[in-house]
Amino acid sequence: MKVQGILTNLETKHPGEKEYLQAVHEVLESIETIYNENPQYEAAKIIERLVEPDRILTFRVSWMDDAGNVHVNLGYRVQFNNAIGPYKGGIRLHPSVNLSILKFLGFEQIFKNALTTLPMGGGKGGSDFNPKGKSDAEIMRFCQAFMLELWRIIGPSADVPAGDIGTGGREIGFLYGMYKKLQHENSGVLTGKGLNWGGSLIRPEATGFGATYFTKEMLKLDGDTFKDKVVCLSGFGNVTWGVALKVIELGGKVITISGPDGYVLDEKGLDAEKINYLLALRASNNDIVSPYVEVFPEAKFIPGKKPWEVPCDIAMPSAIQNELDGIDAENLIKNGVKYVVEVSNMGCTPEAIYAFHNGKIPFAPGKAANAGGVAVSGLEMSQNAMKLNWTKEEVDAKLHQIMSSIHEACLKYGTEDDGYINYVKGANIAGFIKVADAMLDQGVI
Ligand code: 2IT
């Protein structure tokens, strides 16, 4: 394969879609050798077919605010690949949302979902709607208007959306209510539902718990544990909350969280009360983390900065794509970081990943480390299909087992001659082989 040729072609076809091209580049680079060793892939033009979504729905979302003003947003659903199961992936509501971002997320989701071992294809959706500062009624009207378009192309065996940045339990509820009304069925089409209407225990915690279980496996390889490890997190949303809970349970110390306004340094470490407060902070509907230091004055707020300047053993970016760049990576390495685990999707820039690889720092990419969220979504689908609920212990045990198996897959395909584990390569190859082989089996479609 000529990776460069395919990329140049994509750049011409999709100029300016920088996040999407970044995600494709990373995957193609990792799978080049496997691809060249298996001419059946090239013969079936697997890469050329895999990098273009099956289809994209773009729609207008019109809604009215509480003052009676009309607003127009853009809505999207990118159905990327369904070779191994229904399209599956979240809905991001954030002003930065555009097609490039949803295509990068949908592309990543294909490999991530394949790694979970569950039958789920890849998709992603969203809108440039900003939920911050909106009332519950405004959120409801937006979600209802969004679903008035989306419902035509989703279904429990066709496409199963879920939450992502800006879409939590409240939004899933409003979306589900409208879908149910339009489709006249209660079949669990979305995941991340409320517990008494088809949701799964552990789903809210799953991304964070899963990433922590994955990190536990990385530590175990070195005969180590979380005990007394200093951990820097970014973000203060659902994912950060889940990581903090589990890291502390396993004996680690979480000393940073962050928002778009800056970061909080809490040298004493987060505890149960502070983690609980994250829920209140998130629910406050303001996109700022600084109020933390008003409630816990022993912590410091550092405005306008990212937490990667703070010395730590383990860095876990948990906010948004490209939040940790080459300079941040150099700072972390200089300060002695031992592990870096992407919990956000594509949280590290290519320069940062290069620096970690170069410095032989174990680095886990998001599509492996954060797969616990969608894995428990898959388990929610299983429970809905069976019309039965598993206990917290059952779901957690399955999540644990899935994260260990993803780690195993990374070792299998990512161990280099000198023993360094290239988790990026491992995750990309393992995910790719599964999807590519399914596409081969199913013919040219
Ligand atoms: O990025 C992700 O994996 C998610 N936002 C979760 C997707 C899902 O379908 O649960």
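Taking the Cα centre of the range 279-381 as origin, sum charge times position over the Cβ atoms of Lys and Arg (+1) and Asp and Glu (-1), and report the length of that vector in debye to the nearest 20. Numbers along the way, then the final one.
Details: 8 positive and 12 negative charges, 37 e Å.
So the dipole magnitude of the range 279-381 works out to roughly 180 debye.
Could you work out how much longer the chain between Ala137 and Thr12 gets when fully extended? Use 0.36 nm per residue separation minus the Cα distance between them, nm to one decimal.
On the way: separation 125, 0.36 × 125 = 45.00 nm, distance 4.28 nm.
This chain segment gains 40.7 nm when fully extended.
Which is farthest toward the positive dipole end of the range 277-331 among Ala315, Ala299, Asn285, measuring Cα position about the Cα centre, with Cβ charges +1 (Lys, Arg) and -1 (Asp, Glu)?
Asn285
Once you charge only the Cβ atoms, +1 for Lys and Arg and -1 for Asp and Glu, what is the size of the charge dipole of the range 60-116 about its Cα centre, to the nearest 20 debye? Spell out each step's value before the answer.
Working: 6 positive and 3 negative charges, 55 e Å.
Dipole about the Cα centre, nearest 20: 260 debye.
For the range 49-97, give the percent of accessible area contributed by carbon and sulfur heavy atoms, probe 1.4 Å, rounded to a whole number.
Values: 1020 of 1940 Å².
Its accessible area is 53 percent carbon and sulfur atoms.
What are the residues whose amide H is under 5 Å from the amide H of Leu190, where those residues sit 5 or more places off or on another chain and H is modelled from the backbone?
none
Carbon and sulfur atoms: what percent of the 1.4 Å accessible area of the range 307-445 do they account for?
Working: 2930 of 5310 Å².
Using a 1.4 Å probe with all protein chains present, the range 307-445 comes out at 55 percent carbon and sulfur.
Accessible area per residue of the chain at 1.4 Å probe, in Å²?
Working: 17470 Å² over 445 residues.
So the chain comes to 39 Å² accessible per residue, rounded to a whole number.
Please work through the chain and write down the cysteines that have no neighbouring cysteine Cβ at a distance under 4.7 Å.
Isolated Cys, the chain: Cys143, Cys348, Cys410.
Rounded to the nearest 0.05, what FRET efficiency do Leu57 and Leu388 give with R0 = 35 Å and r taken as the Cβ-Cβ distance? Could you check?
Working: r = 33 Å, r/R0 = 0.93.
In this case the efficiency is close to 0.60.
Quick one: putting +1 on the C-beta of Lys and Arg, -1 on the C-beta of Asp and Glu, what dipole do you get for the chain around its Cα centre, in Debye to the nearest 20?
On the way: 44 positive and 54 negative charges, 207 e Å.
Roughly 1000 debye for the chain.
Past 28 Å, Cα to Cα, is the threshold; run Lys253/Lys434; Lys193/Lys412; Lys227/Lys398; Lys18/Lys268; Lys13/Lys193 against it and keep the listed order. Mind dumping the intermediate values first?
On the way: Lys253/Lys434 37 Å; Lys193/Lys412 35 Å; Lys227/Lys398 24 Å; Lys18/Lys268 39 Å; Lys13/Lys193 38 Å.
Beyond 28 Å between Cα atoms: Lys253/Lys434; Lys193/Lys412; Lys18/Lys268; Lys13/Lys193.
Set the Förster radius R0 to 30 Å, insert the Cβ-Cβ distance between Asp224 and Glu273 as r into 1/(1 + (r/R0)^6), and round the FRET efficiency to 0.05.
Numbers: r = 28 Å, r/R0 = 0.94.
Computed FRET efficiency for Asp224 and Glu273: 0.60.
Which residue, Ser135, Ser187, Ser100, has the most motion in a Gaussian network model of the chain that connects Cα atoms within less than 10 Å?
Ser135
What are the ³J(HN,Hα) couplings of the range 428-445, residue after residue, when phi is run through the Karplus curve with 6.51, -1.76, 1.60 and θ = phi - 60°? Round to Hz, x for glycine and proline.
Working through the residues one at a time gives 5, 5, 4, x, 4, 4, 4, 6, 4, 5, 5, 5, 4, 4, 9, x, 7, 9 Hz.
Give the residue from Ser187, Ala397, Asn238 lying farthest towards the positive end of the charge dipole for the chain; charges sit on Cβ (+1 for Lys and Arg, -1 for Asp and Glu) and the dipole is referred to the Cα centre.
Highest projection toward the positive end goes to Ser187.
Using modelled backbone amide H atoms (1.01 Å from N, in-plane), which distant-in-sequence or interchain residues come within less than 5 Å of Gly123's amide H?
The answer is Phe80, Lys88, Gly89.
Rounded to the nearest 0.05, what FRET efficiency do Glu249 and Lys305 give with R0 = 22 Å and r taken as the Cβ-Cβ distance? Could you check?
Result of the calculation: an efficiency of 0.20.
Residue separation times 0.36 nm, minus the C-alpha to C-alpha distance between Glu42 and Asp65: what's the value? Each step should come with its number before you reach the end.
Numbers: separation 23, 0.36 × 23 = 8.28 nm, distance 5.14 nm.
In short, 3.1 nm is gained.
Full extension from Asn186 to Phe296: what is 0.36 nm times the residue separation minus their Cα-Cα distance, to one decimal in nm? Walk me through the intermediate numbers first.
On the way: separation 110, 0.36 × 110 = 39.60 nm, distance 4.39 nm.
Fully extending the segment from Asn186 to Phe296 adds 35.2 nm.
7 Å from Cα along Cα→Cβ at both Gln4 and Ser405: what's the point-to-point distance in nm?
So the label points at Gln4 and Ser405 sit 4.0 nm apart.
Name the residue from Leu74, Val97, Gly123 whose Cα lies farthest towards the positive end of the charge dipole of the range 65-154, charges +1 on Cβ of Lys and Arg and -1 on Cβ of Asp and Glu.
Gly123
Over the chain, what is the relative contact order in percent, taking alpha-carbon pairs closer than 8 angstrom and at least six residues apart? Don't skip to the end; give the middle numbers.
Numbers: 919 pairs, mean separation 68.8, N = 445.
Worked out over the chain, it gives 15 percent.
The values are calculated or read from the model by the stated rules, or taken from the named source; none is laboratory data. Source: prediction; values computed, not measured. Cβ: placed from backbone, ideal geometry, glycine included. Neighbour counts: every protein chain shown. Note: accessible area is taken over every heavy atom of the protein model, side chains too, but ligands, DNA and RNA are not part of it. Shrake-Rupley method; radii C 1.70, N 1.55, O 1.52, S 1.80 Å.
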